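To start, the structure itself, in structure tokens.
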Amino acid sequence: MGRENNADAYANARGRVDIEGCCFWGRGVLQTRGTCMYGKLNYWLGKRAADEGRDALYPKIDFCSFPQGVCSSSETYGGQLQWMVGFFEWSDRIQTYDVDGWNYIEKLKEFTDGGYKDFSFVDSVSGILNIGCHNPPCRGFNDVATDPHNMRDRNDIFQRFLNQLQVERTFRPPPKPTPMPSPAPTEGEEPTTNVPTELEPPTESPTSSAMPTGLMGRPPADAIDAIFSKIEEVMQSISISYGNVTNRFAETVFQSEHPSGDIWPSYLYTWQGFYSSLKKMTSGEGPGEKNFFYIGDGISENSLEYGIVNVAAFLAQGVVRSIYTDTCDENSYDMVDFRYPLSNSCGQQGLSYQDEICEKDEDIGLECEVDEDMEINGVTNARWLGAPPPMSCGNRQVGYWDHTTGLEENDIPFMNKGGRNDTQGCCWWGRGVLQVRGVCSYGKLNYWLGAKATTEKRKSLYPDIDFCKNPGAICSDKRSPELRWITGMFHWVQTVQRNSGDFQYFQTLKEFVDGGNYSDEIFINMVNTMLGGSVEDRSRRSDTFYNILRAFNLIKVEGHFTGTPTFCGVDLNDAGIKCRPCDTNLNCSGAEFCYANVTTCIATINDDTSAESTNIIAVPVDVDINSAIEDDSTNVTDVPIDDDNSTLSGDAPTVDDKMTNNSTANITTAVTTNNSSTNAAGAESPIVPMSLLISSSTSFCGVTWGDALTKCAKRCKLCVAI
């Protein structure tokens, strides 16, 4: 069901039904846990060491009062602390282990000197690490003898590491890779392995030239606040009409495909991350006077609409490039003879990213100098089973990734489509929401946004990041949640906004907006031609673009949802009876789930949008309904309730009691539904009648009706139709 159920106390294996003092669960690379280990961390590495006058790696972190610092402290940036506590536990608990004649260091030497043959050594170490003893099954930390979990997997992974480290191969080898097919299969011949669909090659950045002067640069300083004020108004209208704005955009834009085929909210790309990054790219120090992301000029009659359409086009491209796959680092998708060359980091589809120098007159010389000794490991990769690992670079020859065994094969160097069988200097693969790649693009980032701007006494958003020395910062730095967006916005400015050559981007944008028909395909067709991609890419880009325009109320929404409506129920039939809308299972209560394709509800919604106005008022049980509805001039009546956990039984305090107590609990909101309701943006859009959403015994809490509709989980006392 994917949610907590706290209706009844539920004991764990040791009989606990509470979580008081239960803050010392496993954290970090080895899942360091328990008061003893956190106390040792504090004594040797943390605040206690500093307080007692001893050297401390983390003098400001009290691991006893702040154990979550292992995962959430600023010191974890780059993952350092998660590794450090693991190293400490390993040295404290594993390296010093000496019980009943089994000494870790001596056994390690025996294993090594014996030619890496006796892998019972690894199983013993698994026992020490996992359950505290070397001869499983044994008691160790537990009351009864047990085996360590994942012992077989741990042994296999250990052998893979030895394989990658090229130690003497006298141990059990991994499964042999599938035989290589002939270099040029005859027509009609099937491949020897089942492989995932090969992706279309990424589109080259379009040729760009300076955009018209009137649309360049920073909006007037006195208009920036006004522009964002208008955007805030639009966001508020979305909230009133559809519920929480974050959920609204998660539904239409920030979605990614899970390996199961299900669509999940994106983990890396969120509305909040985008919106905060947009502010940095449109105001303040900014990215340089010619590199501001366009959100309108603050002067023209259609200024806001110009900006929204530019935002929609950018986000639509982001969905195609990264959001839908939920990746930051470029995925390895290029295949040679049904294998994935590890040298794909040098470039895919025959390209060489380290040779993509700047050729425009204004950019000549801005490209990064290639450091052939640079080593970087990517953070993200494709998520399908057997997918190649994150891209990496370093001064070494490489082979290929065998997706059938899930192993690297480096015995024989293996060339990519560009003829490379090494990864020397190949650190310039795509990163971020628009997959910025190549030495020219990273050089321009560094010149305008990074360390080079600071060196040359210019303002810089990231003065401490040298994108030429650390291009991986986009995905691995502590500021990655905004770097993923900001580098993409900068790339959009450089390659799209400043394109006034063959495509006339801004001219077409203005014509599209000024024409007033936001369903017209002239603009998105031009964008698709400019950015290219597969048929699927173009279709997804177009769909996302129009969904965003609907979200901003530029296109009238035919019905309450832009996508397929979904409804809560114990099963599909139950959902069809209740017709209570939901976004996810979290919006449903009890044993209910969120079901799509509930045809009876969809039909009822369409039929009832023309029904007569129905006024709904939600009140506590003890409140006099007649007095509550006495003033029929008010369409919305708010009645506070005192507890998020209120049930449908028992007495409720009166309104006077609530006001006396100054309750700040959730508000139950009743609304008027009308076939000609006008939302805050001024556009007419039908609203689902409340009679379809709630029964006389079930009503829901929310700041607004839309908010209550989105939550659909916090119940109040009674909902009465009048």
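Observations on the model:
- Phe545 modelled with pLDDT of 85 or more and farther than 16 Å from Cys601 by Cα: yes
- Test: Thr404 is outside the structural domain of Asn499 (by TED's automatic domain parsing), at pLDDT below 90 and of a type in the set (Val, Ile, Thr): yes
- Test result for Thr454, modelled with pLDDT under 95, assigned to a helix (DSSP H, G or I), surrounded by fewer than 21 Cβ atoms within 10 Å (Cβ to Cβ) and outside the structural domain of Glu369 (by TED's automatic domain parsing): no
- Of the helices (runs of 4 or more DSSP H) contained entirely in segment 31-120, those carrying at least 3 residues that are at pLDDT below 90 and farther than 19 Å from His134 by Cα fall at 69-72, 80-89.
- Residues that are more than 30 Å from Gly394 (Cα to Cα) and at pLDDT below 90 were ranked within segment 460-504; the one that is surrounded by the most Cβ atoms within 10 Å (Cβ to Cβ) is Gln497.
- Filtered residues of segment 510-525 (kept if crowded, with 19+ Cβ neighbours inside 10 Å and either among the hydrophobic types (A, V, I, L, M, F, W, C) or touching a Gly at 6+ places or on another chain (Cβ under 9 Å) (or both)): Phe512, Val513, Phe523, Ile524
The values are calculated or read from the model by the stated rules, or taken from the named source; none is laboratory data. Remember, predicted model here, so these are calculated numbers, not experimental data. Please note: Cβ atoms are built from the backbone with ideal geometry, for glycine as well, and neighbour counts cover all protein chains shown.
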